[in-house]
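Since the structure comes first, as structure tokens, the remarks are kept for the end.
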Amino acid sequence: MLQKIRAIEHRLEVLLTALSWMVTIFLMLMIVVDVGGRFFLNRPLPATWEFGEICMPYIVFFPFAYALSRDNHVRVSLIRNQFSRRVQDRFKTLTDLISLAMCALLTYVSWQRLWYSYTLEEEMMAAVRILWWWGRIAMPIGMGLFTIAFFLQLFQRAVAGERKEI
């Protein structure tokens, strides 16, 4: 059962990371067209800056869980490496528990902010109509998957620890 959940979570990680890359490429092309239109035709794209602001959360929050599953997050291990392997494992479990709690809190708060923005139909001040929730939806989705990834990692470590003790 855990393997199926982990496989689904992994597919979501890959999907969100691919979407993040696509948004990055879209943003890059949009800026190139904007600058080219401004320079050559004196006609820039309307609201390029605002669309860039909407795209940034997708670029930032979507790949978090993918980086966690690959153990690519930045860590300062200068002090941790001075301890035995067992103590290092306990530090990792403690930091993962704290991270899980923070991610869950950020997911909850960002869902509240998204819902508030959605119900108010909060708009950006731009040349075209852009709703804020279009960008705000990225944080709760990315942080939600990040929270699930931390939970699965901790659960998997606990199950593996029980097997070692038996």
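Report relative contact order for the range 2-165 in percent, whole number only (criteria: Cα-Cα under 8 Å, sequence separation at least 6). Spell out each step's value before the answer.
Working: 148 pairs, mean separation 49.3, N = 164.
Once divided by the residue count of the range 2-165, the mean separation gives 30 percent.
How much length, in nm to one decimal, is gained on full extension between residue 92 and residue 73, taken as 0.36 nm per residue of separation minus their Cα-Cα distance? Intermediate values should be presented prior to the final figure.
Details: separation 19, 0.36 × 19 = 6.84 nm, distance 1.26 nm.
Extra length available between residue 92 and residue 73 comes to 5.6 nm.
Which is farthest toward the positive dipole end of the range 32-166 among 117, 104, 138, measuring Cα position about the Cα centre, with Cβ charges +1 (Lys, Arg) and -1 (Asp, Glu)?
104
Taking neighbour Cβ counts within 10 Å as the exposure measure, how do 115, 134 sort from fewest upward?
Numbers: 115 13, 134 16.
Ascending number of Cβ neighbours within 10 Å: 115, 134.
Counting Lys and Arg as +1 and Asp and Glu as -1, each charge on the Cβ, what is the dipole of the chain about the Cα centre in debye, to the nearest 20? Present the calculation step by step, with values, prior to reporting the outcome.
Details: 18 positive and 13 negative charges, 155 e Å.
Charge dipole of the chain: 740 debye, to the nearest 20.
Would you kindly state the longest site-free stretch of the chain, with sites defined as GluC sites (Glu not before Pro) in a DSSP loop (not H, G, I, E, B) surrounded by at most 15 other Cβ atoms within 10 Å? Intermediate results must be reported in sequence, preceding the final value.
On the way: sites that count: 121, 122.
Here the longest run is 1-120.
A short reminder: the numbers here are calculations on the coordinates, not readings from a lab. Bear in mind that the values here come from a model prediction, so they are computed numbers and not experimental data. Because the Cβ atoms are built from the backbone with ideal geometry, glycine has one as well, and the counts that use them run over all protein chains shown.
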